[in-house]
2 protein chains.
Amino acid sequence: MSLFLSVVPVSEAVATVHRLTVQVPQETVPLAEACGRVLAADVHADVDIPGFTRSVMDGYAVRAGDTTGAGDAVPAILTLRGRIQMGQTPDLPVKMGECLYIPTGGILPEGADAIVMAENTEPFGDEILVKKPLAYGENVVQYNEDFKRGEVVLPRGRRISVQDTGVLAAVGCADVPVTTRPKIGILSTGNELVPVTEIPRIGQVRDVNRYVIAAFVRDHGCVPVTYGIVKDDRAIFEAALARAAGECDAVLISGGSSKDDRDMAAAVIAEKGEVLIHGVAIAPGKPTIIGRCGGVPVIGLPGHPAATFVVLVAIVRHLLDDMTGSAVPEPVTITAKLAMNVPSTKGREDYIRVFVKDGIATPLFGKSGLLNTLAKSNGVLRVPAGSEGFESGSQVEIILW
Amino acid sequence: MSLFLSVVPVSEAVATVHRLTVQVPQETVPLAEACGRVLAADVHADVDIPGFTRSVMDGYAVRAGDTTGAGDAVPAILTLRGRIQMGQTPDLPVKMGECLYIPTGGILPEGADAIVMAENTEPFGDEILVKKPLAYGENVVQYNEDFKRGEVVLPRGRRISVQDTGVLAAVGCADVPVTTRPKIGILSTGNELVPVTEIPRIGQVRDVNRYVIAAFVRDHGCVPVTYGIVKDDRAIFEAALARAAGECDAVLISGGSSKDDRDMAAAVIAEKGEVLIHGVAIAPGKPTIIGRCGGVPVIGLPGHPAATFVVLVAIVRHLLDDMTGSAVPEPVTITAKLAMNVPSTKGREDYIRVFVKDGIATPLFGKSGLLNTLAKSNGVLRVPAGSEGFESGSQVEIILW
C-alpha cells in the first residue's frame, strides 16, 4: 500500500460515479405531492389545450377587419349584440360591424377573430366605440396553441418544478409516474466525534457531517438514513457498513477516508467490495473514496464539513441524480466579477467558496475545516485543473448553491 | 363602481402586502428536520469552535522555524518523536528539531505551530525529511477560529440552508427554534373549471392553479390547504371564503379577480373585510386583489396560470416571507445578454419569461394563458414601469425561478 493517495481528476471521478450501475424503481404519487420528484416517464397531453379558441382578456370579441384605422379620434363603432357567459358556447355569431362582450377565458364566437380589451373601448348606447386597431388573433389563444393532444409535455427525467405541476394538471396527470426516492445510508466515523447534544471535550468535535449530508441528500430527492457515530474499530465499522449497504441503495461515509493508516474505510470497502477510486484532485476534498459494497455504491467523504460539502456538490450529486433518474442540466451558473486574486495549484480542481452580490464575487478563503465561510457563501468558484487561478477583476462563472 | 381597474405600481402593492399585520408563531423542531425552515431566534455558539487548535491535514506537527529554507534538494531533517492519536491530548511536546505525526483533526502538540502535509515529506529511518518551508500556523485551525462562544452564528429570520444545518450541529443546536409553517387556504373559482381528473368539455378548463399555487406555497415554507373548485355563486363563494379565512392564516383566491362584473371576489372581500388594492400595474397579472377578510390577508390572483405565477413571484412571495418570518435577501438574479428586443408599455412592470443558457436570455413570448412557455422558462425578466423595454444585445438582470 503506497504512502500517498494517487489522485484522479474530478472528471474521472464523476465518470466512475456514472458507471456505478443503479436501479431506478418507479412509483405513482398524487399530483399534489409530485413537486420536486423526478418524472419516471414522458408525460403526454391527453387532450388539446386549450380545447377551444378563447379570450385572454375581458373585452369584446370583434372582427379585426372592422377595427382597421381605429383610434381615439376616429373609433370603430360596433353594435353590441350581447354577452358571452363563462364556460358556455356563444349562441350568436359576430357579423361584420358587430361585437359580443367576452370574459377572460370565454369561448370565441363564430365570426370573431380578435378581442379588444375593455380599456380600449367606450360604451355608447347600444354600441361600443373601439379606439384601437386590432390584429388578427390579438388577445386570443387558439385551439391547441398551448399543447397538442398526444404531444410530450414533460420528459422523463425531469425534476418537477412548481410550474410543471400546472402543466401536469392541464394534461390530466392526476397520478404522476415518478422515480422512487432512493435510501441513502449515512455513517459518521471517528473516535473524536460526539453527538450534537454533547459538549465536546478537548480533542472532540460534534458530528456535523451527519446533518449536512442528510440535508443535502434530502434536497436532492433522496431519503437519508443515518446510522449514527461509528467508532474507529474495524469490527464495528464493518458491521455498520454491512448493515447500511444491506438496508440502503447507497452509502455515504463521513470521515475515515484519509490515507492516515488509522483510517480503515478504504481497506474495509476493498475487502468487502471494491475501491474504484481513492483520492481525487479536488481541493478541498482530496481523500474521497468511490467504491461499491454489497452491490451498492459507497462513497467515502472527508471528515471536514466544508470539504465534505464540496465533494457533495462536485461528485455525490451525480450519484444522487443517477439514482433518482434525474436528467438535470448542469447547475445554473452566474457570471460575476472577481473581487480579488484567486491563486490555485495546477493539476487539481479548486473549489473556492464565494459570496456573490450585485455581480461581484468575493472569495471567502478559509481552511477546509471552517463552517463559518461555508455558511456565509452562496456559491462556489471552480478553478479548473489546468488553471493557475484567476486574477482580480476577471469575469468568472459561479455555481450557486 | 368604475368600469376599469385603477392600478397601482408593483412597489405599492408590495408595500401594502408588508403592512398586512401577520403573527409569526414559533415552535421547536429536531435539527434533522430543520433544513428549509426559518429561524425564529438568533442562534449562538454554546462553545468555542474548534475547542482546541488542530490539524487540517494528515502530516507532521512541526515548528515552522525549523523548516525555513527547506526544499527538495535541501530538506529540513526532523526527529520523529511519535504519533498523536485522534481525539487524545498529545503527551509529548515538539521541541526544536523534532516532529510528531498528526492525523487530520488531531490536537496540535505544545511547541508545534504548523503542520507539514505527509506528501511534502519523506521518512528516513527515525527522521522525517521536510521538503517545503512552512509558515507559522500553516494547515492549522486555531482555537475558536471558526466560532467564538456566545457569538451569533445564524440570525433570526434566516432560512436554514443545507450548510446551515452543519453550523447548527456544531453549536449544539439539537432542537431548533423555527417559525411555525403558516396555513395558506387556496380557493379556485370559476364555473369553467373542472377537476384535473375530468376531461374538459368545450369552454371548460382544468383547475391548474390549485396545484401551481399549492406547490409555490409549500416551496416557500407554508402549508397549502386546498378548498377545491368554488362555483361562481355568491353564497357558495362567501361560505368558502369564510371557511378558509377561519381555518387558515391567509387565503389565496385563484380567478374571480377581473373587473368583469361576473367576478365577485372583490365585492365579497370588500363586504366581509376590506379591499386595499384592486389592480396592479403588472403584466401579466393586472387584476390582482390585495385585502383582508376575517382578520387574515386575502389575495386574489388572475385565473390564467402564467399570470398567476408572475403574481406569486412578484407579490405573494412577500406575504409568505412575512408570514414565515423570513428575512430573505432578494432572489438571486443573474446578468445575461438579451437575444431579441423586448418592447414594453411604459407605466407598468412587465414580466417576460425567459430561458437563460450560457449567458444568453431568450424571451419566451406567449400569451398569459399559455403553460408551455411557463414550463420552458427558467427565469423572468422584469421590465420596470419607467422603461419602454430593452434592446437585443443589452445586458439584463434575470430573476431565476
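The values are calculated or read from the model by the stated rules, or taken from the named source; none is laboratory data. This one's a predicted model, so the numbers in the text were calculated from it and none came from an experiment. Cβ: placed from backbone, ideal geometry, glycine included. Neighbour counts: every protein chain shown.
Look at residue A:20 and say whether it is modelled with pLDDT of 95 or more and surrounded by 14 or more Cβ atoms within 10 Å (Cβ to Cβ). Answer is no for this residue.
Out of B:122, B:145, B:138, which single residue is surrounded by fewer than 19 Cβ atoms within 10 Å (Cβ to Cβ) and acidic (Asp, Glu)?
Values: B:145 fails: surrounded by fewer than 19 Cβ atoms within 10 Å (Cβ to Cβ); B:138 fails: surrounded by fewer than 19 Cβ atoms within 10 Å (Cβ to Cβ).
The match here is B:122.
Pairs please, first residue from the range B:381-401 and in contact (Cβ under 8 Å) with a residue 60 or more places away in the chain, second anywhere and of a type in the set (D, E, K, R) and assigned to a loop (DSSP other than H, G, I, E, B), Cβ atoms under 6 Å, 6+ apart in sequence or on different chains. Going by the 6 Å Cβ cut-off, the qualifying pairs are B:385/B:348.
Here's a check for you: in the range A:170-207, which residue that is at the interface with another protein chain (Cβ under 7 Å from one of its Cβ atoms), surrounded by fewer than 24 Cβ atoms within 10 Å (Cβ to Cβ) and under 24 Å from the mean Cα position of the chain (by Cα) is nearest to residue A:297 (Cα to Cα)? Among residues in the range A:170-207 that are at the interface with another protein chain (Cβ under 7 Å from one of its Cβ atoms), surrounded by fewer than 24 Cβ atoms within 10 Å (Cβ to Cβ) and under 24 Å from the mean Cα position of the chain (by Cα), the one nearest to residue A:297 (Cα to Cα) is A:174. Taking the criterion of being at pLDDT below 85, within 13 Å of another protein chain (Cβ to nearest Cβ) and under 15 Å from residue A:284 (Cβ atoms), the only residue of the range A:347-358 that qualifies is A:348. Within the option set A:336, A:375, A:361, being within 13 Å of chain B (Cβ to nearest Cβ) and in a helix (DSSP H, G or I) holds for one residue only, A:375.
For residues that are closer than 30 Å to residue B:84 by Cα and either over 28 Å from the mean Cα position of the chain (by Cα) or modelled with pLDDT of 95 or more (or both), scanning just the range A:243-260, find the one that is farthest from the other protein chains (Cβ to nearest Cβ). So that I can check it myself, show each step before the final result.
Looking only at the range A:243-260, we keep the residues that are closer than 30 Å to residue B:84 by Cα, and these are A:251-260.
Next, only the ones that are either over 28 Å from the mean Cα position of the chain (by Cα) or modelled with pLDDT of 95 or more (or both) stay: A:251-253, A:256-260.
On the way: A:251: 18, A:252: 14, A:253: 15, A:256: 10, A:257: 10, A:258: 5, A:259: 6, A:260: 4 Å.
Per the stated criteria, the residue is A:251.
Can you find a residue that is hydroxyl-bearing (Ser, Thr, Tyr) and under 22 Å from residue A:80 (Cβ atoms) anywhere in the range A:121-144? Yes, because at least one residue in the range A:121-144 is hydroxyl-bearing (Ser, Thr, Tyr) and under 22 Å from residue A:80 (Cβ atoms).
Being touching a Gly at 6+ places or on another chain (Cβ under 8 Å) and in a loop (DSSP other than H, G, I, E, B) is a property that does not hold for residue B:285. Taking the numbered list (1) surrounded by fewer than 24 Cβ atoms within 10 Å (Cβ to Cβ); (2) more than 14 Å from chain A (Cβ to nearest Cβ); (3) under 19 Å from residue B:254 (Cβ atoms); (4) touching a strand residue (DSSP E or B) at 6+ places or on another chain (Cβ under 7 Å) in turn, residue B:342 passes all entries but (3). Going through the range B:295-316 one residue at a time, which ones are part of a loop (DSSP other than H, G, I, E, B) and modelled with pLDDT under 90? Passing the criteria: B:302, B:303, B:304.
Just so you know, in the range A:208-220 the residues that are modelled with pLDDT of 95 or more and more than 8 Å from chain B (Cβ to nearest Cβ) include one that is surrounded by the fewest Cβ atoms within 10 Å (Cβ to Cβ), and it is A:217. Within the range A:350-373, residues that are within 17 Å of residue B:141 (Cα to Cα) reach partners that are at pLDDT below 80 and buried (at least 20 other Cβ atoms within 10 Å of the Cβ) with beta carbons closer than 7 Å, at six or more positions or on different chains, in the pairs A:373/A:366.
Here is a yes/no grid of residues against (1) without any contact (Cβ under 8 Å) to a residue 24 or more places away in the chain; (2) in the same structural domain as residue B:264 (by TED's automatic domain parsing); (3) over 30 Å from residue B:144 (Cα atoms); (4) not acidic (Asp, Glu):
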position	(1), (2), (3), (4)
B:171	no, no, no, yes
B:186	no, yes, yes, yes
B:193	no, yes, yes, yes
B:201	yes, yes, yes, yes
B:204	yes, yes, yes, yes
B:209	no, yes, yes, yes
B:212	no, yes, yes, yes
B:215	yes, yes, yes, yes
B:220	no, yes, yes, yes
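Taken over the range A:43-79, residues that are within 14 Å of chain B (Cβ to nearest Cβ) and not polar (S, T, N, Q) amount to 17.
Can you tell me which residues in the range A:283-320 are under 26 Å from residue A:389 (Cβ atoms) and of a type in the set (Gly, Ala, Ser)? Outline the logic, then answer.
Let us first name the residues in the range A:283-320 that are under 26 Å from residue A:389 (Cβ atoms), namely A:283-288, A:301-302, A:304-318.
Residues satisfying the conditions are A:283, A:285, A:306, A:307, A:314.
Could you check, for the range B:32-51, whether at least one of its residues is over 30 Å from residue B:323 (Cβ atoms) and of a type in the set (Val, Ile, Thr)? Yes - at least one qualifying residue is present in the range B:32-51. Among the residues of the range B:358-366, are any crowded, with 21+ Cβ neighbours inside 10 Å and within 30 Å of residue B:177 (Cβ to Cβ)? Scanning the range B:358-366, I find no residue that is crowded, with 21+ Cβ neighbours inside 10 Å and within 30 Å of residue B:177 (Cβ to Cβ), so the answer is no. Taking the range B:345-357 as the range and being surrounded by fewer than 21 Cβ atoms within 10 Å (Cβ to Cβ) and within 22 Å of the chain's Cα centre (by Cα) as the test, the residues that pass are B:355, B:357.
State all residues of the range B:40-70 that are in contact with a Ser or Thr (Cβ under 8 Å, 6 or more places away or on another chain) and of a type outside the set (Phe, Trp, Tyr); if no residue qualifies, say none. Break it down into steps so the answer makes sense when it comes.
Initially, the range B:40-70 is screened for residues in contact with a Ser or Thr (Cβ under 8 Å, 6 or more places away or on another chain), giving B:40, B:55-61.
Of everything in the range B:40-70, those that are in contact with a Ser or Thr (Cβ under 8 Å, 6 or more places away or on another chain) and of a type outside the set (Phe, Trp, Tyr) turn out to be B:40, B:55, B:56, B:57, B:58, B:59, B:61.
Looking across the range A:99-122, the residues that are within 9 Å of chain B (Cβ to nearest Cβ) and part of a loop (DSSP other than H, G, I, E, B) come down to A:103, A:104, A:105, A:106.
Do we have any residue at all in the range B:163-176 that's out of contact with any His (no Cβ under 6 Å at 6 or more places or on another chain), aliphatic (A, V, I, L, M) and within 30 Å of residue A:48 (Cβ to Cβ)? No, because not a single residue in the range B:163-176 is out of contact with any His (no Cβ under 6 Å at 6 or more places or on another chain), aliphatic (A, V, I, L, M) and within 30 Å of residue A:48 (Cβ to Cβ).
What do you reckon, is residue B:82 assigned to a loop (DSSP other than H, G, I, E, B), away from every other protein chain (no Cβ under 13 Å), at positive phi and surrounded by fewer than 19 Cβ atoms within 10 Å (Cβ to Cβ)? Steps first, please.
On the way: assigned to a loop (DSSP other than H, G, I, E, B): no; away from every other protein chain (no Cβ under 13 Å): yes; at positive phi: yes; surrounded by fewer than 19 Cβ atoms within 10 Å (Cβ to Cβ): yes.
No: the conditions fail for residue B:82.
Just to check your reading of the model, which residue among A:95, A:132 is more than 8 Å from chain B (Cβ to nearest Cβ), at pLDDT below 95 and farther than 30 Å from residue A:38 by Cβ? Full working, then the answer.
On the way: A:95 fails: at pLDDT below 95.
Step by step, each of A:95, A:132 is checked, and only A:132 is more than 8 Å from chain B (Cβ to nearest Cβ), at pLDDT below 95 and farther than 30 Å from residue A:38 by Cβ.
The selection criterion, being out of contact with any helix residue (DSSP H, G or I) (no Cβ under 7 Å at 6 or more places or on another chain) and among the β-branched types (Val, Ile, Thr), does not hold for residue A:186.
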